[in-house]
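Novice: Supplied in C-alpha cells, the structure appears directly below.
The values are calculated or read from the model by the stated rules, or taken from the named source; none is laboratory data. The structure displayed is predicted, hence computed values, not measured ones. All Cβ positions, glycine included, derive from the backbone under ideal geometry; neighbour counts span all protein chains shown.
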Amino acid sequence: MSNKEPEKMTNDRILVRAIEPKDEEAWNKLWVEYQGFQKVVMPLEVGKTSFARFLDPTVKLWGALAFDTETGNAIGFTHYLSHLTSWNVEEVVYMNDLYVTEYARVKGVGRKLVEFVYKHADELGTPSVYWVTDHFNHRAQLLYTKVAYKTDKVVYKRIGY
C-alpha cells in the first residue's frame with residue numbers, strides 16, 4: 001500500500017467493505033490516528049481484542065474499512081454492533097466509531113461508511129441505527145444531518161469510566 005496522499009478523490013474511488021484478516025495493519029494505523037483525534041490512548045490489548053472481535057462470526061461487533069481504490073490506502077473505518085432494546089422487537093444497531101483520515105474528509109468517505117452500516121443493518125433485519133458524536137464536531141455533523149436526524153437526547157456516562 002502506498003502512503004501517498006491523493007490530490008483529488010472522487011466518490012467512485014471509494015470502496016467500503018467489511019474488515020478482513022489481511023487488514024489488521026491498515027486498520028491499526030487508522031486506529032492509532034483515531035485515538036489521537038479523540039485525544040485518548042488505549043492499551044494495545046483493546047485494539048487487538050476489537051480487531052479479533054470484528055472477525056469472530058459469533059460476536060455481533062463489526063468493522064468496515066474505506067479504501068481509496070487509486071492508492072490502495074485505507075482512509076476510514078466504522079465499527080458497529082447490534083443489541084436488544086426494550087423499545088423494539090428487533091435489535092438496533094449502534095455505530096460505535098466512524099473515522100476518516102484528515103486528507104480524505106469532506107470527500108464522501110464518511111457517507112459511504114454510514115451507508116455501509118445502513119445496508120448491513122437492513123440485511124440483519126435491524127434497520128434502526130443510531131450513534132453519538134461530540135457536540136463540537138461540526139464537520140461530521142454536516143454529514144450526519146444529511147443521513148440521519150438529530151435527537152433531543154443527552155448522553156450521560158458513569159463517573160470514572
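Novice: Of the conditions (1) touching a Lys or Arg at 6+ places or on another chain (Cβ under 7 Å); (2) more than 23 Å from LYS39 (Cβ to Cβ), ASP152 clears all except one; give me its number.
Specialist: (1)
Novice: So, THR151, is that one assigned to a helix (DSSP H, G or I), β-branched (Val, Ile, Thr), out of contact with any Asp or Glu (no Cβ under 9 Å at 6 or more places or on another chain) and exposed (fewer than 12 other Cβ atoms within 10 Å of the Cβ) or not? Give the derivation first.
Specialist: On the way: assigned to a helix (DSSP H, G or I): no; β-branched (Val, Ile, Thr): yes; out of contact with any Asp or Glu (no Cβ under 9 Å at 6 or more places or on another chain): yes; exposed (fewer than 12 other Cβ atoms within 10 Å of the Cβ): yes.
In short, no.
Novice: Would you check if there is a residue in segment 125-132 being of a type outside the set (D, E, K, R), part of a loop (DSSP other than H, G, I, E, B) and over 24 Å from VAL89 (Cβ atoms)? Please lay out each step first, then the result.
Specialist: Looking only at segment 125-132, we keep the residues that are of a type outside the set (D, E, K, R), and these are 125-132.
Narrowing further to those that are part of a loop (DSSP other than H, G, I, E, B): 125-128, 131-132.
Next, from what is left, pick out any that are over 24 Å from VAL89 (Cβ atoms): none.
Checked against the condition, which is being of a type outside the set (D, E, K, R), part of a loop (DSSP other than H, G, I, E, B) and over 24 Å from VAL89 (Cβ atoms), segment 125-132 yields no hits at all.
Novice: Given the criterion surrounded by fewer than 20 Cβ atoms within 10 Å (Cβ to Cβ) and either touching a Gly at 6+ places or on another chain (Cβ under 8 Å) or small (Gly, Ala, Ser) (or both), identify the matching residue among ALA64, ALA52. Walk me through how you get there before you give the answer.
Specialist: Details: ALA64 fails: surrounded by fewer than 20 Cβ atoms within 10 Å (Cβ to Cβ).
Of ALA64, ALA52, the one residue that is surrounded by fewer than 20 Cβ atoms within 10 Å (Cβ to Cβ) and either touching a Gly at 6+ places or on another chain (Cβ under 8 Å) or small (Gly, Ala, Ser) (or both) is ALA52.
Novice: Just one of (1) farther than 19 Å from THR101 by Cβ; (2) modelled with pLDDT of 95 or more; (3) hydrophobic (A, V, I, L, M, F, W, C) trips up ILE75, so point out which.
Specialist: (1)
Novice: Now for a separate question. Could you check segment 67-93 and list, in sequence order, the residues that are more than 16 Å from VAL117 (Cβ to Cβ) and crowded, with 20+ Cβ neighbours inside 10 Å?
Specialist: PHE67, ASP68, ASN73, ALA74, ILE75
Novice: Still on this structure, please answer the following. Pull up segment 113-143, narrow it to residues that are buried (at least 19 other Cβ atoms within 10 Å of the Cβ) and closer than 23 Å to PHE37 by Cα, then point me to the one that is modelled with the lowest pLDDT.
Specialist: Ranking the qualifying residues of segment 113-143, first place goes to LEU143.
Novice: Does segment 78-111 hold any residues that are modelled with pLDDT of 95 or more and aromatic (Phe, Trp, Tyr), and which are they?
Specialist: TYR80, TYR94, TYR99
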